[in-house]
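K.L.:
This is the structure I want to talk about, given as C-alpha cells.
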Amino acid sequence: MAACNRKRPAAVLDAVHATTAQHQQSPARCKRSRTFIGITDDYEQVNCLGQGGFGEGPDVEDLYREARFLEACQGNPYVVGFEGLVRNLDTGDVGLAMEYVDASSLEDRRAGPPLPESMARDFMWKLLTGAEKMHHRHVVHRDIKPANILVGDGDNGELVKLCDLGLAISLSDKPPYSQAGTAPYMAPEMILGKRDYDALVDTWSIGCVFAELLTGKTLFACDGEDEDDDDKIKVDVYQLWSIFRVLGVPDESTWPGFTSLPHTAEALRVLPAGHNHSRLRDLFPEEKLSEEGFQVLQGLLTCNPDKRLTAAAALKHPWFAAPRSAADAVEKVDALSFPKKKTPRFKFIPPEKNLLKIPLAVWNAAQRV
C-alpha cells in the first residue's frame, strides 16, 4: 500500500487490502455514482504504508465493492476520504485513490505512554462520531482496531480517521453475515456464530480500543491463538476465554439466547467454570477511569448485544459533556453539522486494451446506474 501526493493533490493507496471474510454481501445501497478510474501517473509516491492485512491483492470486484462503501461514507470527517479508482498503465493493477492523511496508525503509537482520561475522552468522541455517521448510512466496518485508525496532528487538535473498509458490509443486505475481523477486537456474538449481528459489533471493537488507549495493551489478547491452527472452533474458544475471564461467563439471565447460539455448547464444554463475575472495574480503577468514563467502557464491552451501547447512545452519555477546549468545541459543532462538501463526479471509463482487466459482469453492472 503506497501513500502518494497527487499531482492534482490527494493520495493513492495500492489496492492490496486483503480480507479474511467471505464477501457475501453487496456494497451499501446508497445512490450510486459512476466511479472514475484514473491512472497512477497522476500521483507521486511519498512512502510505503504496507500491504494490508495479508499482503494479497483483491480482484477488481472486491475493490469496486470497497469503493462503494467509501463513497457511502463521503463527507464523514472521521473516515478517510475517497477520490476514486486508479490503474497502473504499466502493470494494469487497480488501486484506490484516497485522501492524503499526514498521520500514522494508532497501532504504530503503541510505544507511547497510555493516554490520560481527558485525552482518551476526546479521542473516543471522534471515533464514536465517525462510527455513528457510518452506521447511520447502514455501513458496518467490522474491523475497527488500532491498525485501522489513523491519528495525527490536525488543525483543530488530534486528527482521528477510520480507514480500510475492506471487510465492511451494508445492513441494507439481509443476513446471514459471515464472521470477519481481527480476533482480539471481535464481538462475542460474532465469535459464537450469530449470523444476524448488526452495527453493535463495531461498538464492541471501539470499546476494546478505548481500553487500549488507557493501558497501552490489548485487553482481550488471545494467548492461545495460532494463525496456523486449522481448528477454528479451538481458536474461537481461546478468544472467548480471553473475554469471559474479564467480563464473566454469560448465561440466559444476563444474555437471553446465549445458550442457543451455534458455538455456545462447545464453548461451555471446554471453558473453565467459576468465572461468573466481571473483573473490568478491577482492571480500570477509579484513579485510572472515572465512574462516568467506566460506564461508557462497560456499556461498550457488554457481551449481550441487546444491552450494549450503540455509538449514538454512547455519545449522549454525560461523560462527553465534560468541558472541552475552545478548538475542540468548534470542531465538535462543525462535525455535528456534517456539511456535505461538493465531491467530484466519478465515472467509469472503458478499459483500454492490455491496461485493465475488469470482469464483464462487473463492467456491465457499473454501467447500470
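K.L.:
Count charges around residue 80 for me, please; just the other residues with Cβ under 11 Å from its Cβ, Lys/Arg as +1, Asp/Glu as -1.
P.N.:
So the surrounding residues net to -2.
K.L.:
Sticking with this structure for a sec: What nm value, rounded to one decimal, do you get for the distance between residue 173 and residue 91 when each label is placed 7 Å out toward the C-beta?
P.N.:
2.7 nm
K.L.:
Sort 292-300, 79-87 for me by packing, meaning the mean count of neighbouring Cβ atoms within 10 Å per residue, highest on top.
P.N.:
79-87, 292-300
K.L.:
A further question follows. Using amide H atoms built in the peptide plane, which far-off residues or other-chain residues are under 5 Å from residue 86 H to H?
P.N.:
38, 95, 96, 97
K.L.:
Another question about this same structure. Please list, in order along the range 278-285, the HN-Hα scalar couplings obtained from phi with the Karplus expression 6.51 cos²θ - 1.76 cosθ + 1.60 (θ = phi - 60°), rounded to whole Hz, x for Gly and Pro.
P.N.:
Result, ordered by residue: 6, 10, 4, 5, 5, 7, 10, x Hz.
K.L.:
Can you sort 238, 197 so the residue with the fewest Cβ neighbours within 10 Å comes first?
P.N.:
Least crowded to most crowded, the residues run 238, 197.
K.L.:
A follow-up question, please. Would you mind classifying the range 141-297 by shape? Square roots of the alpha carbon gyration tensor eigenvalues, ordered a ≥ b ≥ c; an a/c under 1.5 is rounded, otherwise it is prolate if a/b is larger than b/c and oblate if not.
P.N.:
Judged from the Cα gyration tensor, the range 141-297 comes out oblate (a/c at least 1.5, b/c at or above a/b).
We did not get these values from a lab; they are worked out from the coordinates using the rules stated. Keep in mind the model is a prediction, meaning the values are calculated, not measured. Every residue, glycine among them, receives a Cβ derived from its backbone with ideal geometry; neighbour counts consider all protein chains shown.
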